[in-house]
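Here the structure is laid out as structure tokens; the discussion comes afterwards.
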Protein chains: 2
Amino acid sequence: MSRTRIHNLSISLDGFATGEPQTLETPFGHAGQRLHQWMMATRYFDPDGSTGVDNAFAEQHTPGIGAEIMGSHKFGPPGWEDDPGWRGWWGAEPPFHTPVFVLTHATPRPPIEMEGGTTFHFLRATPAEALATARAAADGGDVRIGGGPTVVRDFLAAGLVDHMHVVQVPIVLGRGVRLWDGLEGVEADFDVETTASPSGVTHLVFTRKPGA
Amino acid sequence: MSRTRIHNLSISLDGFATGEPQTLETPFGHAGQRLHQWMMATRYFDPDGSTGVDNAFAEQHTPGIGAEIMGSHKFGPPGWEDDPGWRGWWGAEPPFHTPVFVLTHATPRPPIEMEGGTTFHFLRATPAEALATARAAADGGDVRIGGGPTVVRDFLAAGLVDHMHVVQVPIVLGRGVRLWDGLEGVEADFDVETTASPSGVTHLVFTRKPGA
């Protein structure tokens, strides 16, 4: 059974998954790299990185995934829809290696085939519609909801998420985009397991309850 | 050296330390007892309770404390200032056993001496003024900031907290009073240590850095 998964979604103590403002130079706004330093210190990201609990969780990002869905703010800075040459933040070979469906409110552009197996598709669709499309493209694999927080919220609110790995970083960002807004009671559908890491971050894994 | 401490401050994933609305029947609003079930299951609260990590943290609430400061919402429901017979939520013998300083915007009333060593004093004062008063009354002991979240925030913002134990409960409350609002960057003054409990909650201990 193909599942819908979220991995390495990093938030601050006050629940912000990104800071503000987002620009070409600051994809996470004033948060900079502070939400993701834990991951950049692991072997998942850096061949010389750590191999403990943070790495174990980080590496779950990839196996079994057949397609990703991401929001427009993950694909590019404000205004990318008006730049026909914009091909994402990741250079010629993005780290996805699957079809990637970019949700946009603008007129969808034709797919962009990148090196290494990533193809960006552009969709104007509801979460359920996007998921059906991505599921078909995933060829039996799971679908990852890649973020940002607004897209994750939309999929959680629609009851479409089976597995979610959240990483809480002990900083107070104060502003940005919150993960949990509008999701009162969302935990009722999930079992939650928490693991504290020596690095200082906390891993929370939400697994949809059978039948929920 | 007398320190200023916070213990057993329970918050939801989205950072709410209490729900809404607060009434006589629902001191924590729609949160009910969900933020404090972890504590009510420990021997600290219940002689038949658990004796593991949750209890170890919970029991740190009391030793070494010489006085408490609390906000008006911890002392009573909205309107208690107009009820001359209101003596707090806790019955004849409140669980403090020290002087307790209740911050109020109303005209302070005379102190109320309760059974078991608790005396309620009423103060209209800034955090620094209240702390000086409580420190003097603590007779060499530490001062506990007892909450609620608005008062904790005020003391954090004023840089007056030395030790803070926060318990994150894996629920999304959606509304209420947030702990972290207005505290961007507050972690810079603290070392943070995180411990996950088998009960599902996460203990975060903030210790003021030397010199911060």
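Could you list, in sequence order, all residues of segment A:126-158 that are in contact with a helix residue (DSSP H, G or I) (Cβ under 7 Å, 6 or more places away or on another chain) and hydrophobic (A, V, I, L, M, F, W, C)? If the condition is that a residue be in contact with a helix residue (DSSP H, G or I) (Cβ under 7 Å, 6 or more places away or on another chain) and hydrophobic (A, V, I, L, M, F, W, C), then A:V143, A:I145, A:F155, A:L156, A:A158 are the ones that fit. Here B:G140 fulfils each of the conditions (1) away from every other protein chain (no Cβ under 11 Å); (2) part of a helix (DSSP H, G or I) apart from (2).
Put simply, of B:T202, B:T207 the only residue that is of a type in the set (S, T, Y), in contact (Cβ under 8 Å) with a residue 12 or more places away in the chain and touching an Asp or Glu at 6+ places or on another chain (Cβ under 8 Å) is B:T207.
Looking only at segment A:14-24, decide whether some residue is without any contact (Cβ under 8 Å) to a residue 12 or more places away in the chain, over 24 Å from A:A136 (Cβ atoms) and among the hydrophobic types (A, V, I, L, M, F, W, C). There is no residue in segment A:14-24 that is without any contact (Cβ under 8 Å) to a residue 12 or more places away in the chain, over 24 Å from A:A136 (Cβ atoms) and among the hydrophobic types (A, V, I, L, M, F, W, C). Looking across segment A:18-39, the residues that are under 11 Å from A:V172 (Cα atoms) and touching a Leu at 6+ places or on another chain (Cβ under 7 Å) come down to A:G19, A:A31. Could you tell me which residue of segment B:156-171 is farthest from the chain's Cα centre (by Cα), considering only residues that are within 25 Å of B:Q33 (Cα to Cα) and more than 13 Å from every other protein chain (Cβ to nearest Cβ)? Filtering first and then ranking leaves B:H163. Scanning segment A:192-208 for residues that are within 7 Å of chain B (Cβ to nearest Cβ) and either charged (D, E, K, R) or in a loop (DSSP other than H, G, I, E, B) (or both) yields one hit, A:G200. Listed by first and then second residue, the pairs with beta-carbon distance under 6 Å, at least 6 apart or on different chains, first residue in segment B:105-129 and under 21 Å from B:I65 (Cβ atoms), second part of a loop (DSSP other than H, G, I, E, B) and among the aromatic types (F, W, Y), are B:T118/B:F96.
Listed here are the residues, each with its yes/no results for (1) hydroxyl-bearing (S, T, Y); (2) in contact with a Phe, Trp or Tyr (Cβ under 6 Å, 6 or more places away or on another chain); (3) in a loop (DSSP other than H, G, I, E, B).
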position	(1), (2), (3)
B:V100	no, yes, no
B:F122	no, no, no
B:R144	no, no, no
B:L156	no, no, no
B:L160	no, no, yes
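The set of residues in segment A:135-155 that are of a type in the set (G, A, S) and closer than 30 Å to A:G32 by Cα comprises A:G146, A:G147, A:G148. Total residues in segment A:63-99 satisfying the condition of being without any contact (Cβ under 8 Å) to a residue 40 or more places away in the chain and farther than 19 Å from A:F155 by Cβ: the figure is 19. Cβ separations smaller than 7 Å between residues 6+ apart or across chains give the following pairs from segment B:29-45 residues that are of a type in the set (V, I, T) to residues that are modelled with pLDDT of 95 or more: B:T42/B:G49; B:T42/B:S50; B:T42/B:D54; B:T42/B:N55; B:T42/B:A58. The residues of segment A:74-108 that are within 15 Å of A:P27 (Cα to Cα) and aromatic (F, W, Y), listed by number, are A:F75, A:W80, A:W86, A:W89, A:W90. What pairs come up if the first residue lies in segment A:172-191 and is farther than 17 Å from A:T18 by Cβ and within 7 Å of chain B (Cβ to nearest Cβ), the second is part of a loop (DSSP other than H, G, I, E, B) and aromatic (F, W, Y), and their beta carbons are under 6 Å apart, counting only those six or more places apart or on different chains? Final answer for the pair search is none. Of all residues in segment A:133-145, those that are among the hydroxyl-bearing types (S, T, Y) have Cβ atoms under 9 Å from Cβ atoms of residues that are modelled with pLDDT of 95 or more, 6 or more apart or on another chain, in A:T133/A:A67; A:T133/A:I69; A:T133/A:F101; A:T133/A:H121; A:T133/A:L123; A:T133/A:A125. Total residues in segment B:172-183 satisfying the condition of being assigned to a loop (DSSP other than H, G, I, E, B) and either closer than 28 Å to A:T207 by Cα or within 14 Å of the chain's Cα centre (by Cα) (or both): the figure is 7. Counted as qualifying within segment B:1-94 are the strands (runs of 3 or more DSSP E) with 1 or more residues that are among the acidic types (D, E) and at pLDDT 95 or above, namely B:65-70. Kindly provide the set of residues from segment A:102-120 that are in a strand (DSSP E or B) and within 16 Å of A:T133 (Cβ to Cβ), ordered by number. If the condition is that a residue be in a strand (DSSP E or B) and within 16 Å of A:T133 (Cβ to Cβ), then A:V102, A:L103, A:T119, A:F120 are the ones that fit.
The values are calculated or read from the model by the stated rules, or taken from the named source; none is laboratory data. Please read these numbers as outputs of a predicted model, since none were measured by experiment. All Cβ positions, glycine included, derive from the backbone under ideal geometry; neighbour counts span all protein chains shown.
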